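The values are calculated or read from the model by the stated rules, or taken from the named source; none is laboratory data. Everything numeric here is computed off the predicted structure, so don't read it as measured data. Cβ: placed from backbone, ideal geometry, glycine included. Neighbour counts: every protein chain shown. Remember, those area values only see protein heavy atoms, side chains included, never the ligands or the DNA or RNA. Shrake-Rupley method; radii C 1.70, N 1.55, O 1.52, S 1.80 Å.
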Amino acid sequence: MHIVVGITGGIAAYKAPELVRLLKKAGHEVRCAATEHALEFVTRVTLETVSGAPLYSDLFASGRTEHISLKDWGEMLVVAPATANIIGKVASGIADDALSTLLLAFSGKPVIMAPAMNCEMWAHPAVQRNIETLKGWGIRMVGPESGELACGVNGMGRMSEPETIAAAVLSTLHSPLSTPHSPLSAQKWLVTAGPTYERIDSVRFIGNYSSGKMGFALAEALANAGAEVELVTGPTHLNVTHQRINIRRVESAREMYAAATEVFPKCNGAILSAAVADYRPSECADHKLKKNGSEGMHLNLVQNPDILATLGDMKTPAQTLVGFALETDNEEANAQRKLEKKNLDYIVLNSLRDKGAGFGVDTNKVTIIGRDGSHKESPLLSKQEVAHLIINTVTS
């Protein structure tokens, strides 16, 4: 792939060479375009050295329409950092330097921006209006994040790390497209999501903190790639709008087991991301259990059916089965054992030790382990971005 990295005049420009290095390491050709002020923070020599190509920074120096030739060469344009100035220029249709001219010429191709600015600037209504305008045109924003800023305060406006931006770039480049010719357009996939609730009595249950966000993101990404999706979800407030997703709502592990085993034989693959309860009370009272003096409540728990292991036994060579593992210690060893024991093709490992990953949040950080020995780690990304990475990995 041919990627153009645009650099503007913010202090975060010093991170741009690392972004270029990561993209080249992933096998892509990279060229850089910089504003005049960007070169106050990072030198021409540095950018040309890490990219291995001449820097485009002067609209008139070459005497040629380089913004057009570079647009024709590039398959994606990434602006990192994207200052309030460049965001405002593009939103207003202003092209008065090399990078802003290139951005306006780069229509019809993916553009990603990684905003970076002071927190007060980021919160200004004009900046937020411009951001919404660019999003409406299909420009994707990565970040910003909250943290320590160059001005010495903590707040929203810090540019995302190069690893995060690179992962977003690669997920966008590699995401399967929803077209009639997509390799998933004739396929059907099963996805499980959310928690399960195991009733104790008419008002109480055993459950967990799963929100279902990861499973719903996977279902949406598969549908966007052209697949028909059977989404079996435990209790959650989430919903879907994609016409290729059929949602089935269940409550208990046994209900999820029944739905999954019914659907799976008709599917090309399954991604089981639900947080299924391993145990349930052996008895469920049909009324609210009352306190009995100072005595505690004693529950006898019995094991629920293992959905993943059952589908692993059912799986044919033509099917792909993907499981999830949420671990707190010996993470990779436990995930590898689960992959082998349950006859999986891939397992997606989460660790509760990773801040921003796990239950109830909008981000995730995973390691995708394949039966073929493959091992792919992601930085902290949105769950939508993680979903694209997972699907691209397990369907390629």
Seminar exercise, completed: Taking the range 150-168 and keeping residues open to solvent by 30 Å² or more (accessible area, probe 1.4 Å) and not in a helix (DSSP H, G or I) leaves Ala150, Cys151, Gly152, Val153, Asn154, Met156, Arg158, Glu161
Exercise. So Gly323 clears everything in (1) small (Gly, Ala, Ser); (2) part of a strand (DSSP E or B); (3) open to solvent by 40 Å² or more (accessible area, probe 1.4 Å) except one condition, right? Which one?
Worked result: (3)
Problem set entry | Single residue of the range 239-257 satisfying the filter (at pLDDT below 95 and open to solvent by less than 30 Å² (accessible area, probe 1.4 Å)) that is farthest from Leu321 (Cα to Cα) | Val240
For this session: Report, ordered by the first and then the second residue, all pairs with beta carbons closer than 7 Å, sequence separation of six or more or different chains, a first member in the range 374-386 that is touching a residue at least 60 places away in the same chain (Cβ under 8 Å), and a second member that is in a strand (DSSP E or B) and open to solvent by less than 20 Å² (accessible area, probe 1.4 Å).
Result: Leu381/Asn364; Lys383/Asn364; Val386/Asn364
Exercise. If you scan the range 340-396, which residues turn out to be of a type in the set (D, E, K, R) and out of contact with any Asp or Glu (no Cβ under 9 Å at 6 or more places or on another chain)?
Worked result: Glu340, Lys341, Asp354, Lys355, Asp362, Lys376, Glu377, Glu385
For this session: Name every residue in the range 362-373 that is more than 16 Å from Ile165 (Cβ to Cβ), free of Cβ contacts under 8 Å to residues at least 40 places away in the same chain and not hydroxyl-bearing (Ser, Thr, Tyr), in order of residue number.
Result: Val366, Ile368, Ile369, Gly370, Arg371, Asp372, Gly373
Exercise. In the range 4-62, which residues are basic (Lys, Arg) and more than 22 Å from Asn118 (Cα to Cα)?
Worked result: Arg21, Lys24, Lys25, Arg31, Arg44
Problem set entry | Total residues in the range 12-47, condition within 27 Å of the chain's Cα centre (by Cα) and open to solvent by 90 Å² or more (accessible area, probe 1.4 Å) | 4
Exercise. Which one of the conditions (1) touching a residue at least 60 places away in the same chain (Cβ under 8 Å); (2) over 17 Å from Asn364 (Cα atoms); (3) under 20 Å from the mean Cα position of the chain (by Cα); (4) open to solvent by 50 Å² or more (accessible area, probe 1.4 Å) does Lys213 fail to meet, given that it meets all the rest?
Worked result: (2)
For this session: Within the range 93-149, work out how many residues are surrounded by fewer than 16 Cβ atoms within 10 Å (Cβ to Cβ) and assigned to a loop (DSSP other than H, G, I, E, B).
Result: 9
